[in-house]
Structure formats: structure tokens, C-alpha cells
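For reference, the structure is listed below as C-alpha cells.
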Amino acid sequence: QAIVVLCAGAEAGGSSSSTSSGGSGGLSGGGGRGVVAGGVEEKWCGWADANPSTRAKLVEEEFARTHKEYCRLFQHYGAIPRPERGKTPVAPCRACYDPVQDHLMTVVSATRRLTKERIILHYMHHKAPSIPALRDEGRLLLYCQDSNEHQSVSLASLHDTLRAPALYLFDCPHAGRLVQSLDSMLPAGEDIVAFGTCGELEVLPWAQLGLPSDLLTACLMSPVRAALGFYRARGASGVLREVAEAAARLVTGKPQDKSTPLGELTSVFTAVTDGVAWSCFPPREFQRLFREDGTLAELCRNFLLAARALAAFGLKASSRPALPLAQTCRHQLWEVWDSNLEVFLLRLRQQQSLPPAPSVPLLQQSLGVAPAAIAAAAAAGRGSPFFEEQMLAFSIWLRFLPCSGADGGLGGG
């Protein structure tokens, strides 16, 4: 079960001003067409958007996209039970738009009565004001449309109702303070995981940069599309810098279907992030987060991507349990992901008869990949060689592994 809380009111400067039903930056579940936030038209409103436009989206559409992604996630890992005969199936995702405290508590209580399994509380308030209740006390802020003010909710009272097991996702300024507040009141062994988009004293810079507000949410819900949006914004890809929207539109299909472009890239992404986590996390932590619960494992993998993307904008993602995110963000396997994504998109462009590929000096300089090698891979017209290359590298490693290091070389997961 998932509970999505979206608060659209108030700018991050401290004044509380109501906003239109278009939201304050929007969710991003796998493509979008643009939103109007705070009365200003945005051509590109979400990090996972492949087809930006100036048409305003309703909040209902935003929630529908997030609901769809959570349903896909739960169905894929068998977390949605079949309804009893003659009974209406229970929705796996509940939406709360600018809820008051009593309503939020009612939803949380009702959701916990439905299941003893892990509940996901996904809280989004991208433009929450930096006031003491959030910044110093670590309390959730809920925007009240009637009074045009914020109410603060104690995490302790919320957790008393939600209880374990649970996953908290905080996509808001000072998210690290919320994670710290949650961690300080829980015993060490309680099955509670929390992810935050930034540190205790950090605010989100998206308005100043003219970028969408939903980077964490987009990475969690649609990691491959969010990665394409990240490279487009950062200019980190020779392909996407020239034909950003065209390249993003080519990545179609279903994440679980490896015969589609999206499914193929998702399988590579899963292998890379599993490898990053396996080599950086303690074995018990890796087993708990990446092997015991399929839904939690996918969100943890996606969070590693989010932490890397957020670090590029000077934000330090936070988590409970404390993860070695500084180490994962610098892991060499991300270079493998970058180069494979580049080659994959070049191949797709050639197959779809798009304009000729631009030069890729940036890729050559950063990853040491020659343009001739990229062109050859694109011309081959076959699937991604990622897994064949990794098996070859592993066989070479085994062949030349010193006998003295054999015992310690395979002890990660």
C-alpha cells in the first residue's frame, strides 16, 4: 500500500500563497506534457517528461500517473492481493492533496488496518517554506487552502498510526531534518526505511535553476526516463544535447519487458545499481534492502540514481539507515551506465532514421570511449552488449585473480 501526499501551496521563501490546481512542480510517472506552476508556464515540467508542452495538467492527472507507477510496482512483485469473490478490489495507492491533519491521520489509520505489510508514505512539498517547524523541529508541513496557512504535524504522532514496517519518502526542503527526526525516535532494529531529497539545512534550488521540482520522485518512479532528463539538463551526453526530446521519445515499452527499449535499459540499470550496492553496502544491509522485499529493492536501486543526480546539483540525499551515498555516487559502474546509455541511444537513433549522430567529444574525454567504437556498436543494430561485456570482464578477472586474494574477492553479497 502507498499513500501519496502532495502539498502545492506556498513558496519556499516563507510567505504562504495559494496556487492553482496545476500543482507546484508536479509528479512525474513516465512522461508528461507540461504544467503551470505558480502561474508561470514551464516548457519542461518533470524530469521524466519526454514530450514537454505548455498545456496545464490537473492535479488529478498527476496523481493518476503516480498511482499507475505504484500499481505497476506492486503488481510486478505480487504485492496486490486478489480480491475475494464479489468484493471490490482495494486500491493499492491512496492520494491526499493538501490534506488537513485529521484527514491525513484517517487515511493512514485506514491503510494500516488493510495490511500488515510495508506501507509507503510518499510526501511531496517541493516549495515548503523554510520555517522552524520544518527546519528545526522536523515536523511535516501541510498546506491548508481555506486559511492559506501551513499546519505542522508531528512525525511521532504520524508514525504511531502508521507503525512498522514502513518506507518514508520525503521530497521537500530540509528532508534530512525529517529523516533525522524519524531516526532519533525509533529503536535501531525497527523496520523503517526513509529517503530524503536533501540534507538538514538544504533547500531545493529548482526555481532558481529553472528546472522541474520532482527529481527525487521522478527517479523513484521512472529511473530510466529521469536519467535521460538528467543528462539533458546537465549536458552530460553528446546525443541528448543535440536531440534531447527525440532521443527520449525513442525509449518506449514496459520496464519489465526486455524486448522493448525501456525494458532493455531497465535491465542494465538494475544490474548496475545492484552492483553498486553490493560493493558498497555491508552484506546484511544489502540483503535486507535489496533481496528480501522486491518493491523496496526497486525503490532502493532508484534512490541510488536519485542520490547521484541530486549530488550534481549540490544536494546531499539523506537516508535511514545511513547509507554510504558519497561512495555510491562516485562508483565506477556509473561510467558503465553512462556509456551504455549513450551507445544504446545512438543505436536507436540509427534504427529510427533520425538525423545523423553528433560528435561525442564529451563522452570520449569523460569515459575514454572512442567515437569509432560507439559508431560500430550503433551500426551493429543488436541489443545492448552490456551483459556479454560484463561476463567477459568477469572471466578475465577470474583468470588473473591472484590465489592469495581469492578468499576475500567474492565476499560482498
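So the values come out like this:
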quantity	calculated
Relative contact order (%) - region 155-241, alpha-carbon pairs under 8 angstrom, separation at least six	25
Spacing of the two label points (7 Å from each Cα toward its C-beta) at GLN332 and GLU389, in nm	1.4
Euclidean distance between Cα centres, region 285-344 to region 165-200, Å	17
Spin-label model distance (nm) - GLN145 vs LYS254, 7 Å beyond Cα toward Cβ	3.5
Stretchable slack from LEU114 to MET185, in nm (0.36 nm times residue separation minus alpha-carbon distance)	23.1 nm
ALA156 paired with ARG72, simple spin-label distance in nm, labels 7 Å along Cα-to-beta-carbon	4.1
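A short reminder: the numbers here are calculations on the coordinates, not readings from a lab. Just so it is clear, the model here is predicted, and its values are computed rather than measured. FYI the Cβ positions are ideal-geometry reconstructions off the backbone, even for glycines, and counts take in every protein chain you see.
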